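**Student:** Below: one structure in structure tokens.
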Amino acid sequence: MKEFKIDRYIEKGIEVYNQNVGLRYAINQIPIVGFFIDNFFGKTGAEIQQRRLMQTIQSLHELADKIDKTKVDYDFLESEEFTDLIVKIFQNSVKTRHKDKILLNCKILAGSILTENRDIRHSAEDLLVLVSELSPTDLKIASQIYEQQKDKPAKFDFEKGYGELNFITDKGWDYVQGLCKLDDSDFRLGLTKLSNA
């Protein structure tokens with residue numbers, strides 16, 4: 001696969017923005033949001049945030065490159081909802097040092113554009129908020145629980161004495177903490193945060 005190289009364009013764009021006093025002044029004059037937009041672009045010029053931005057762009061490119069173009073909802077790409085998701089993933093990604101969270105942000109965006117996800121895409125923004133609020137440890141626990149329980153049946157046969165608790169236990173609930181390699185306090189804290197989320 002040909003590697004996507006856009007860092008030189010981003011670097012040049014940030015450099016031009018940071019050196020263009022007139023442009024920065026004009027953006028700062030936008031009522032209410034101007035300062036925040038300038039602050040966002042100005043911070044992006046820092047080396048760490050620039051790297052995070054590049055990582056987000058690279059991840060988006062790799063994910064989008066694998067998408068079957070016949071399964072894309074192109075009308076959604078022109079919507080304000082999609083624009084809001086773009087803003088949110090870049091905000092989230094610039095604010096985290098964790099590569100897994102950046103990739104998860106990008107996966108949520110990539111999944112939202114598929115026609116097969118049309119009925120659930122309204123949850124994408126909520127998922128992005130959750131990703132921004134949860135730590136990598138919390139996400140590791142959530143991922144392990146999901147992997148164990150993703151084939152949960154729609155209904156349980158309570159008459160035969162088999163309910164959701166039996167299913168969860170059979171799937172290995174007692175091993176989640178060990179599989180995540182967490183001590184008691186980190187595991188309990190993670191479960192509490194996931195429960196609250």
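Where a number appears in this text, it was derived from the coordinates with a stated rule and is not lab data. Predicted, not measured: the structure shown is a model, and the values here were computed from it. Cβ: placed from backbone, ideal geometry, glycine included. Neighbour counts: every protein chain shown.
**Student:** Which option, (1) 1.27; (2) 1.01; (3) 1.44, is the value of Cα Rg over 2.2 N^0.38 Å that was calculated from these coordinates?
**Tutor:** Among (1) 1.27; (2) 1.01; (3) 1.44, the one derived from this structure is (1).
**Student:** Turning to a different aspect of this structure: Using a basic spin-label model with each label point 7 Å from the Cα along Cα→Cβ, how many nm lie between His98 and Ile30?
**Tutor:** Result for the modelled spin labels: 3.0 nm.
**Student:** Can you give the extra length, in nm with one decimal, that the chain gains between Glu62 and Asp75 once fully stretched, where that is 0.36 nm per residue apart less the Cα-Cα distance?
**Tutor:** Gain on extension, Glu62 to Asp75, equals 2.5 nm.
**Student:** Another question, if that's okay. Let me spell out the model: positive unit charges on the Cβ of Lys and Arg, negative unit charges on the Cβ of Asp and Glu, origin at the Cα centre of the chain. What dipole size does that give, in debye rounded to 20?
**Tutor:** Charge dipole of the chain: 620 debye, to the nearest 20.
**Student:** Add -39500 (n - 2.57) for each DSSP H run of 4 or more in the chain, then divide by its residues: what number comes out at 222 nm, to the nearest 500 deg cm²/dmol?
**Tutor:** -20500 deg cm²/dmol
**Student:** Name the residue, out of Lys150, Lys171, Lys101, whose mean-square fluctuation peaks in a Gaussian network model built on the chain with Cα pairs under 10 Å.
**Tutor:** Fluctuation is largest for Lys150.
**Student:** Moving on to the next point. At a Cα cut-off below 26 Å, give the lysines reachable from Lys140, other chains included and same-chain residues fewer than 8 away excluded.
**Tutor:** Partners within reach: Lys66, Lys88, Lys95, Lys99, Lys101, Lys107, Lys150, Lys152, Lys171, Lys181, Lys193.
**Student:** Related question: I'd like the distance between the alpha-carbon centres of segment 158-194 and segment 75-99, rounded to an integer number of Å.
**Tutor:** Segment 158-194 and segment 75-99 have Cα centres spaced 32 Å from each other.
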